[in-house]
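J.: Before anything else, here's the structure in question.
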Amino acid sequence: MSLSPVEGAALAEIESSDQEPDEKKRLVGRSPGQLVWARLRRDRTAMVSGVVLALFILAAVAAPLIQRLYGVSPNQQFGDLLDATGMPLGYVGGVSGDHWFGLEPGLGRDIFIRMIYGIRTSLLIALGAALVTTTIGVVLGIVAGFLGGVVDSVISWITDVALALPFLIFALAVVPTFSLRFYGPRDAVPTWFAVTTLIVVFAAFGWTGTARLVRGQVVSLREREFVEAARASGAGLGHMLFRQLLPNIWAPILVAFSLAVPSYVTGEAALSFLGVGLPESVPSFGRMIYRSIDYLQTDPAYVFFPGITIFALVLAFNLFGDALRDALDPKSSR
Amino acid sequence: MGRSEAVPSGEPDRPEVPEQRSGDGPYLQVRELRVRFDTEDGVVRAVDGVSFAVERGRTLGIVGESGSGKSVTSLAILGLHNAKRTTISGEISVGGRQLVGLREEEIRRLRGRDMAMIFQDPLSALHPYYSVGRQIAEAYRVHHPRAGRREARSRAVDMLGRVGIPQPAKRFDQYPHEFSGGMRQRAMIAMALVNDPDLLIADEPTTALDVTVQAQILDLLADLQEEFRSAIILITHDLGVVSQVADDVLVMYAGRAVEHGSVERVLRAPQHPYTWGLLSSVPSLHGDADADLVPIPGNPPSLINLPSGCAFHPRCRWADVNGDRSRIEVPELREAGQAGHLVACHLSAADRERIYRDEVAQVGVAR
Amino acid sequence: MSAETEPLLSVRGLTKHFPVRQGLRARGAVRAVDGLDFDVRPGETLGLVGESGCGKTTTGRMLVRLLEPTSGSITFAGRDITHGGRRELRGLRQDLQIIFQDPYASLNPRHTVGRIVAMPLQVNRITPPGGVKKRVQELLELVGLNPEHYNRYPHEFSGGQRQRIGIARALALKPKLIVADEPVSALDVSIQAQVINLLRDLQRDLDLAFVFIAHDLAVIRHFCHRVAVMYLGTIVEIGDRDTIYTRPQHPYTRALLSAIPDVTTLGPAGRIRLTGDVPTPLNPPSGCRFRTRCWKATDHCATEEPALTTRDDGGQLTACHYPESGPVGMPTGEPVEVSK
């Protein structure tokens, strides 16, 4: 008997008793949001990953500006800087003052500017997909959790079905079919269509986690007396769901969102790698890594730059998501 | 309790611990106990220099509000604090053994055998997946490793019967959810007593119970004490409960003892303004029901940011009697009126007597 | 009867059964509340007292229509409100409010105090003269809080202050009747008296009617004009405060009064000890529900449920075949479970 029930209860008790003063401290006029911000500010991991994220987002937003300053466009080819076999001239894959991360073997396009645009595509798809999945998940979860009964059973059943479908096989089958349905096999698929298809595919599968999370939170909150107080005052369903409950589940939603984004970044890369993602003309991480695999031995720099960037992006998002979780709920960790 | 250190408070090493060694003195002796927690927002002085003693066969009632340090005191005695974030200093001696600074394993061996605890909420203190009887038997076998299953079982059934659970042999195999609130608390008590502990700490043992069941449990505790001659610490916010079962009372406020003495003295001739406040703010079954209660103004203080001087001064109606003294100087616990009756207040004995007679007794206590 | 004594709230045969299911089949019902009759007059305070499981909280929730009654009727200010929908109840909600027990769970932690107190105004789309903010600040002042604290969050307040915020919220719509569900039992002793005094002042100044639910007879005594003692979903005794506390007739009321530890007496208090716990409301005893713990119970008690009527010329209504008489203290009649 490693821990008798008595001791367990006692430990739980002392945990709560030394948490108590946190609540008691008078932090005059500070909203819960401001407290979270204060905690984030003190967390070094959060600050570093936050700054990295901000730089990525800035680069994505300012890509055309960077292109103008840099003076190279993403689809511009520099055949004269390649040797006869198509390998870039110079060291480390052709790194030079004009081409910071070198050139692609074969087509001779500039890797740096393609990566800047790759970040833009990745973040656009990932943020878009995360936004859509979170919205669907929150609405379904909050409705299922609050109304319960038949509505809850139906929504939960749909959630289970969606979870049971194998994502990758589904995506591999659906995405090309989808494109073929609207465009011929020889037509160029427009970028917006490819991007939307990806977001829809992610959204169709990604909402389940958020829905379950939100449903659980709402179930534990709906019997709370502040909800009953609103009901006793004659509040309608909308008021109770979105004014009373939603502000209390922002924290887990935000965390789920910030952890969903990096999974869609890698998801997009994976699908593009498998050839069902974006068309060749759109700069994307998945495409770049897919193409670079052939040159792993001859031009390792081509793999290295996009690889390290996507790694940094995903890591920064995950670290920030974790830090956010700690800041939102300081009792969860430690 | 890895990091708990025996920091001598104030004076260098205390060489005098004379009478307790023999075992004739108080079974539990606590001296200058200090418990500190490090939290995100600062250091919490949950207990700040509390001393008391409990003899075998006697009951000490510790009274206070939430945040007064009453529960933390008991958990520190049992070594059930979070060692990582807690610093304990002072002396706790149980049956002549010094506990502060002892290794976790050694305290564990004492816990359950020499001292045991009863919690407020038996449902969360009992494990839902094991039968009640098995948990009691298990608690017995922890300290009697040579006892066989059968022996432990018969001991547990015996204990269940002694705490007034009908059909104990049948009840042995039932689970906590099959017990009613009162029965669960009886089972908790059976588990606490299964190893014949000499010290029993009951933390709000009846707060979660109905009044008619509370009366049963308090009677049970009194009967068991007579039988086992254990020392009992009863922690409660309810002065009514204290008046029924305690021999001595310790009133705590903001981590310090403000009044300490026999139950007759503390409840009949209270000396501290906080005790006065507690007594006159409790609604009673006697006296004028239409008269307003006399509450203590204000709120309990934050333990991170205690008021200067006497921690009670912002809520005390007589804080100004001695000028600024209550705001500046922390009052010491001193003898008041009668031997063994201690109070920590700057008011002079004469002032206290006059105020109590003319202002307090009129409205509250003497109702 | 004159118009003055016309009841504000009138409850008849109020019942709430919670079905217990095992899988899809019903396995019976928890008879949480089983046929209550009582009236509350304007400006009157009625105390509902009893132990856990007696149905007092369920009753309070049915009164403010947080729970749907199984049967019986609730009439408020002359209107039957037993089964009204949200729209029909809209006007009524303003007159009937609730104060909750737990000052931590009853305030939305993400809303400012101003928003919490203004919520009833907001959901009923009421703009008071002078604006919402002014009204909220008046309410905060009324319950003894600093109106400047309008923009603070609940976590910055202590338990007693939070309970005051909950009271201000209940007062926002100027109700005629407030259901207070254990409003002080979660508070520290020194704070309880503050809140009781506040509620008493508000009751007098605003001429509010209260249904005050509590397990503590001493608290009820300091607040209520009339008292109803509940046991296992029924009222066993109801009457004026002084009658109930000085000359209770039901054995259960006596036992309850006797069990309360009182500071004014040292040593084991009371002489009546009930044995056992309250039986489960899933399967309450036949006849008189208290008979399993009663020292006067006979076979008659097991077969016939006693009606709530005047007995032995007492001023109260009592549901007991063998009512006690005389002042509170030693029980009379049959053998007594006596200790010490």
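J.: Between the range C:113-162 and the range B:89-113, how many Å separate their Cα centres?
T.: 51 Å
J.: Here is a further query. Report the FRET efficiency, 1/(1 + (r/R0)^6), for A:L69 and C:N151, where r is their Cβ-Cβ distance and R0 is 60 Å, rounded to 0.05.
T.: FRET efficiency, A:L69 to C:N151: 0.85.
J.: Could you work out how far apart the two model spin labels at A:L147 and B:N322 are, taking each label as a point 7 Å from the Cα in the direction of the beta carbon, and quote it in nm?
T.: Here the answer is 6.8 nm between the modelled labels.
J.: Right, here's the next one. Under a point spin-label approximation (7 Å from Cα along Cα-to-Cβ), what is the C:D299-B:R97 distance to one decimal in nm?
T.: 6.1 nm
J.: On to the next question. So if I take the centroid of the Cα atoms in the range A:89-157 and the same for the range C:211-230, what is the distance between those two points in Å?
T.: About 62 Å separates the Cα centre of the range A:89-157 from the one of the range C:211-230.
J.: By a straight-distance test (C-alpha under 19 Å), which aspartates and glutamates pair with C:K134 as possible cross-link partners, with residues fewer than eight away in the same chain excluded?
T.: Counting by Cα, and skipping residues close in sequence, C:K134 has these aspartates and glutamates nearby: C:E148.
J.: Would you list B:S93, B:S280 from fewest to most Cβ contacts within 10 Å?
T.: So the residues, fewest neighbours to most, are B:S93, B:S280.
J.: Next question, about the same structure. What aspartates and glutamates sit close enough to C:K296 to cross-link, taking a C-alpha to C-alpha distance under 13 Å and skipping anything fewer than 8 places away on the same chain?
T.: Answer for C:K296, where 13 Å is the Cα cut-off: C:E324, C:E334, C:E337, listed by chain and number.
J.: Report, in deg cm²/dmol and to the nearest 500, the calculated mean residue ellipticity at 222 nm for chain A, where each DSSP H run with n ≥ 4 adds -39500 (n - 2.57) and the sum is divided by the residue count.
T.: Rounded to the nearest 500, the figure is -23500 deg cm²/dmol.
J.: Among A:F78, A:F242, which comes first, second and so on when ranked by fewest other beta-carbon atoms within 10 Å?
T.: Least to most surrounded, the residues fall as A:F242, A:F78.
J.: Using a 10 Å cut-off around each Cβ of peptide C:183-190, what is the average number of partner chain Cβ atoms that fall inside?
T.: Shielding by partners across C:183-190 averages 6.
J.: Cβ neighbours within 10 Å, averaged per peptide: list A:157-167, A:181-191, A:205-215 in order, most packed at the top. Mind showing how you got there, number by number?
T.: Numbers: A:157-167: 12.5, A:181-191: 10.7, A:205-215: 22.9.
Highest mean packing first, the order is A:205-215, A:157-167, A:181-191.
J.: May I pose another question? Hey, which aspartates and glutamates would be in cross-link range of C:K16, C-alpha to C-alpha under 14 Å, not counting anything within fewer than 8 residues on its own chain?
T.: C:D34, C:D37, C:E68
J.: With the cut-off at 1.5 for a/c, could you classify the range B:272-363 from its C-alpha gyration tensor as rounded, prolate or oblate? Could you put the intermediate results ahead of the total?
T.: On the way: a/c = 1.94, a/b = 1.33, b/c = 1.47.
Since a/c reaches 1.5 but b/c is at least a/b, the shape of the range B:272-363 is classed as oblate.
J.: Between C:K133 and B:R354, how many nm apart are label points set 7 Å from Cα along the C-beta direction?
T.: Using points 7 Å along Cα→Cβ, the separation is 5.1 nm.
J.: Take every DSSP beta bridge with both residues inside chain B and express the antiparallel ones as a percent of the total, to the nearest 5.
T.: Counting DSSP beta bridges with both partners in chain B, the antiparallel share is about 60 percent.
J.: Report, as an integer, the average count of C-beta atoms from other chains found within 10 Å of each Cβ along B:277-284.
T.: 6
J.: Once R0 is set to 30 Å, what does the formula 1/(1 + (r/R0)^6) return for the Cβ-Cβ distance between A:R181 and A:V161, expressed as a FRET efficiency to the nearest 0.05?
T.: Step by step, r from the Cβ atoms, then E = 0.80.
J.: Restrict the search to the range B:286-367; then list the chymotrypsin sites (Phe, Trp or Tyr not before Pro) that DSSP places in a loop and that have at most 13 other Cβ atoms within 10 Å of their Cβ.
T.: Listed in order of number, the matching sites amount to none.
J.: Over the protein assembly as shown, what is the percentage of antiparallel beta bridges among all DSSP beta bridges, to the nearest 5?
T.: Taking every DSSP beta bridge within the protein assembly as shown, about 65 percent pair in antiparallel fashion.
J.: Something else now. State which entries of C:K56/C:K176; B:K70/C:K56; C:K56/C:K133; C:K133/C:K176 exceed 26 angstrom in Cα-Cα distance in the structure shown.
T.: B:K70/C:K56; C:K56/C:K133
J.: Can you name the helices of chain A, as whole DSSP H runs, whose Cα span along the helix axis is 27 Å or more and whose Kyte-Doolittle mean is not below 0.0?
T.: Correct list, ordered by number: A:111-147, A:191-222, A:246-273, A:300-328.
J.: Still on this structure: Determine the shielding of peptide C:191-198 by partner chains: average, over its residues, the number of Cβ atoms on other chains within 10 angstrom of each Cβ.
T.: Partner Cβ neighbours, averaged per residue: 6.
J.: Moving on. Based only on other Cβ atoms within 10 Å, what is the fewest-to-most ordering of B:V242, A:V195, A:V132?
T.: A:V132, A:V195, B:V242
J.: Ordered by packing density, taken as the mean number of other Cβ atoms within 10 Å over each peptide's residues, highest first, how do B:65-75, C:304-314 rank?
T.: My ranking of the peptides, most packed first, is B:65-75, C:304-314.
J.: Order these peptides, B:50-60, A:116-126, by their mean beta-carbon neighbour count within 10 angstrom, highest first.
T.: Most protected by this proxy first, the peptides run A:116-126, B:50-60.
J.: Let me ask another. When the chain is fully extended, how far beyond the present Cα-Cα distance does A:L124 get from A:V92, taking 0.36 nm per residue of separation?
T.: Extending this stretch completely gives an extra 8.5 nm.
None of the figures in this text is laboratory data; all of them are computed from the coordinates on show. Quantities reported herein were computed from a predicted structural model and do not represent experimental measurements. Every residue, glycine among them, receives a Cβ derived from its backbone with ideal geometry; neighbour counts consider all protein chains shown.
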